[in-house]
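In what follows, a single structure is set out as structure tokens and then discussed.
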Amino acid sequence: MTKKTKVILITFFSIILCIGGFIMVRIEQQKNSEQKIANFWETQKPRVEKFIKYNFKDVKTITFTKIENDPLGSNLFGYINNDKEMDFDVSVSLGTGETEFNTGISYSEKMGELEKYPKVIPLSEIENHKKKTNESS
């Protein structure tokens, strides 16, 4: 093997190792990001439940089905009362600095029939109302 061939092989394998290392780091970062978002939604599920129960009538059960992430934010999907036609999608724009769920929801027409109010009440207002109610009691 000539010196030139050895240099080419060493260079080639070095490049392959660098690319492999870069790919492994990106995969690990992706896993960490997905885990952080899953943990985020675990802490937000009680807030989502409170929001839905306050804004919609006759909510007996809430089932969460999946989490999806995109560059604009993160979405949690589910349905109520064991009826998959009463589905919803709550979202948080993590990229804009939102740190918790407040009011981002879209829902099916069938679920819309259970609305209590002309427009949904943000969770921050629900919590403020409950604090005032507790203080005056």
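Nothing in this text is a laboratory measurement; each read-out follows from the coordinates by a stated rule. Since we're looking at a predicted model, the values are computed, not measured. Because the Cβ atoms are built from the backbone with ideal geometry, glycine has one as well, and the counts that use them run over all protein chains shown.
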For region 42-136, what is the charge dipole size about the Cα centre, in debye to the nearest 20, if Lys and Arg each add +1 at the Cβ and Asp and Glu each add -1 at the Cβ? 420
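Let me have the relative contact order for the chain, percent, based on Cα pairs under 8 Å that are six or more residues apart.
Relative CO of the chain lands at 18 percent.
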Of the labelled options (1) 1.05; (2) 0.98; (3) 1.67, which one gives Cα Rg over 2.2 N^0.38 Å as computed for this structure? (3)
Which residue, chosen from 59, 106, 23, occupies the Cα position most advanced towards the positive end of the dipole of region 1-116, where the dipole is computed from +1 (Lys, Arg) and -1 (Asp, Glu) charges on Cβ about the Cα centre? 23
Springs between alpha-carbon atoms under 10 Å, Gaussian network over the chain: tell me which of 96, 61, 11 tops the mean-square fluctuations. 11
Would you mind checking which residues have amide H under 5 Å from residue 116's amide H? H placed 1.01 Å from N; only 5 or more apart, or other chain. 56, 57
Pairing the Cα long axis of helix 123-136 with the longest principal axis of the chain, what angle in degrees results, from 0 to 90 and rounded to the nearest 10? 50
